[in-house]
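Asker: Have a look at this one before I ask anything.
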Amino acid sequence: MLQVEEIPKNFILFADALIVIAGIFIERRKYQFGLRSYQLVREMFDCVYPRNHSRILLRRAEVYNNIGYVYAEINQFLLTLKYCKISVDIDTKLRPSNHPSVATGMNNIP
C-alpha cells in the first residue's frame, strides 16, 4: 500500500499521467504493466482521498472500469466482473442512467 505524508499540489496531474501511461501499455499489449499502473492510481486515490470524496469518485469509477477492461483482455472474467460492477455502481449513484459512462461500464461487463 502506498503511503503519502503530504499531498502534492500536482497530484491529479500525476494520476492523469499514470492513466495515460497505463493506456499506452494496454495498446502495446503489455497488460501486466498497464494493470499495475491502473492499480497504482487506484492506491493513490485510496491513500489521498476518502472513498466517498466527491471530487475523486468519478475518477475512481473510470479507473475501476479500466482495470476491468484489462482483466477482460487477459481473460480474467471474474475480476472483470468485479471491477466493472464497482465502476457501474459508482456511476449509477452519481450520474443519470442514460449517461455514456454508465453504458460503457455496463458494456464491459462480461
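Asker: All but one of (1) closer than 17 Å to Leu13 by Cα; (2) surrounded by fewer than 15 Cβ atoms within 10 Å (Cβ to Cβ) hold for Asn107; state the number of the condition that does not hold.
Answerer: Status for Asn107: all satisfied but (1).
Asker: Please go through the range 71-93 and pick out each residue that is within 17 Å of Ile56 (Cβ to Cβ) and surrounded by fewer than 14 Cβ atoms within 10 Å (Cβ to Cβ).
Answerer: Asp89, Lys93
Asker: Before we move on, is Leu13 modelled with pLDDT of 95 or more and part of a helix (DSSP H, G or I)?
Answerer: On the way: modelled with pLDDT of 95 or more: no; part of a helix (DSSP H, G or I): yes.
So Leu13 does not fit the description; no.
The values are calculated or read from the model by the stated rules, or taken from the named source; none is laboratory data. Computed from a predicted model, the values in this text were never measured in an experiment. Note: ideal-geometry Cβ built from the backbone for every residue, glycine included; neighbour counts use all protein chains shown.
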